[in-house]
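The values are calculated or read from the model by the stated rules, or taken from the named source; none is laboratory data. The model shown is predicted, which means the values in this text are computed figures rather than measured ones. Just the protein is used for accessible areas: all its heavy atoms, side chains included, with ligands, DNA and RNA removed. Shrake-Rupley method; radii C 1.70, N 1.55, O 1.52, S 1.80 Å.
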Amino acid sequence: MMMNKNQRFILKTLLSSLIRRRSRIAIALLGVAIGATVLLGMVTLCYDIPRQMGQEFRSYGANLLLMPANNQPTMPMAEVKKAVSLLPQDKLLGVTPFRYDSIRSNQQPYTIVGTQFDQVINTSPYWKIEGEVPKNPNEIMIGTDIAHFAKLSIGSTIPISGKSKQNSRFDEELTITGIVKTGRAEDNFIFIELNDLETLLEENNQAEVVEISITATQDELQRYIQNIKDNSSSVEPHLIKWVTQSEASVLGKLSSLLYLVTLVVLILTMICVATTMMTVVMERRKEIGLKKAIGATNKSIAKEFLAEGLILGIVGGVIGVICGLIFAQVISANVFGRSIVIEFYLIPTTIIISAVVTIIACLIPVKRALEVEPALVLRGE
């Protein structure tokens with residue numbers, strides 16, 4: 001659509017006014033750009049932080065437990081798989097079953113734990129393992145407290161004895177391939193592949209506890225738990241509260257801090273723009289007075305200043321969007337070590353907010369411009 005002569009004149013006047021005062025306008029433009037940069041960067045981080053922090057918190061262990069319902073000692077693995085299938089598979093990081101039993105070794109009582117070592121790495125990444133996890137039958141991993149107490153090391157063999165669930169006795173000689181240190185109860189356990197323990201116990205496809213690590217907020221976990229309860233009668237899901245509550249608390253405080261910083265920066269942006277535009281009004285008092293003297297209305301003068309503010313807001317917003325995307329990516333890469341997911345609808349939103357903030361900041365200078373008295377200004381007062 002072609003602009004008429006009047007529209008071209010207005011546009012030329014606006015651009016000429018901005019260019020003539022480019023040093024002052026550049027300061028205001030810089031303020032708007034910084035505000036838009038912080039706005040997009042911080043809001044993008046706020047949207048993506050739950051995902052980023054969720055992955056970081058998974059290094060502290062699982063956040064969901066499956067246990068036998070109705071006071072049963074164990075639960076069938078078929079029911080466990082059914083419950084796990086109800087969870088979003090793209091968010092699932094690991095599922096680790098555990099089975100416990102009491103044994104004796106050299107007349108000392110110990111707890112032996114059957115698990116799947118390929119999954120333990122995913123649900124318990126905080127385990128510090130010296131050596132390697134068992135890969136062959138009759139291989140075990142022991143807790144560091146047992147290693148110190150019994151003076152055992154990697155490569156040592158340890159005799160164990162116990163009773164199966166069928167009440168038959170078993171005796172085995174097991175080889176230590178690794179020593180685990182967690183600072184928790186695991187330091188006093190003997191770990192063996194779940195299938196090997198089931199062979200000794202003569203009872204297959206059962207689990208006493210299943211740890212699940214999944215990327216989800218506390219509210220999402222509550223929904224998953226309710227879904228499992230509604231669809232399974234033999235499995236009882238539980239939150240690991242110290243993990244989920246800590247995660248929710250940290251995310252809440254961090255998001256509040258980011259939003260507060262963004263608000264403060266936007267207020268400072270408004271002050272910067274308002275101050276600059278106020279100075280521009282003072283410099284243009286004679287021009288405004290002359291325009292009023294030859295018939296310009298308050299409405300036309302207000303439109304001119306608000307249009308300048310709108311241009312300033314849009315240009316500053318576009319610059320801020322580019323810088324904000326770079327800012328968010330740099331912060332994410334340095335803090336979390338991975339790229340950020342951009343919500344693209346935030347880009348036009350940021351530009352619109354920048355324009356609105358700039359126009360609001362121009363209201364007081366515009367009011368001052370409308371108060372200019374032509375007669376006084378033209379007399380030099």
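Working note: Cα gyration tensor of the stretch 36-191, eigenvalues times five, square-rooted, sorted largest first, giving semi-axes of 37, 21, 12 Å.
Classified by the C-alpha gyration tensor, the stretch 184-243 has an oblate form. Its axis ratio a/c, with a ≥ b ≥ c, is 1.5 or above, and a/b does not exceed b/c. GNM on the chain, alpha-carbon springs under 10 angstrom: the most fluctuating residue among Ala307, Ala185, Ala328 is Ala185. Overall, the anisotropy analysis places the stretch 94-182 in the oblate class: the square-rooted eigenvalues a ≥ b ≥ c of its C-alpha gyration tensor yield a/c not less than 1.5, with a/b not exceeding b/c.
Stretch Ala150-Arg338 to full length: gain in nm at 0.36 nm per residue minus the Cα-Cα span?
Values: separation 188, 0.36 × 188 = 67.68 nm, distance 4.33 nm.
Full extension of this stretch gives 63.4 nm more.
For Ser300, the accessible area of its heavy atoms, probed at 1.4 Å with every protein chain present, is near 50 square angstrom. Does the stretch 132-260 come out rounded, prolate or oblate, given a ≥ b ≥ c as the square roots of the eigenvalues of its C-alpha gyration tensor, rounded meaning a/c under 1.5 and, failing that, prolate meaning a/b above b/c? Here the stretch 132-260 falls in the oblate category. Shown in residue order for the stretch 101-107 are the 3J(HN,Hα) couplings computed by the Karplus curve 6.51 cos²θ - 1.76 cosθ + 1.60 at θ = phi - 60°: 7, 9, 9, 10, 9, 6, 6 Hz (x for Gly and Pro).
Residues of the chain: accessible area per residue at 1.4 Å, in Å²? Mind showing how you got there, number by number?
Working: 19890 Å² over 381 residues.
Normalised by residue count, the accessible surface of the chain is 52 Å².
Accessible surface of the chain, 1.4 Å probe: 59 percent of it comes from carbon and sulfur atoms. What is the distance in Å between the Cα centroid of the stretch 220-234 and that of the stretch 292-341? So the two Cα centres are separated by 47 Å.
In the Gaussian network model of the chain, springs joining C-alpha atoms below 10 Å, which of Ile192, Ile146, Ile351 carries the largest mean-square fluctuation? Sorting by GNM fluctuation, first place goes to Ile146.
Hey, can you list the DSSP H helices of the chain whose Cα span along the axis is 24 Å or longer and whose average Kyte-Doolittle score is at least 0.0?
Values: long enough: 22-57 (49 Å, 0.88); 241-283 (63 Å, 1.36); 298-335 (52 Å, 1.41); 346-370 (35 Å, 1.96).
Sorted by number, the helices that extend far enough and score high enough are 22-57, 241-283, 298-335, 346-370.
Which entry in (1) 0.94; (2) 1.30; (3) 1.32 matches Rg/Rh (Cα atoms, Kirkwood Rh) derived from the coordinates of this structure? From the options (1) 0.94; (2) 1.30; (3) 1.32, the structure gives (2). Between Thr157, Thr276, Thr96, the GNM of the chain built on Cα springs shorter than 10 angstrom shows Thr157 fluctuating the most.
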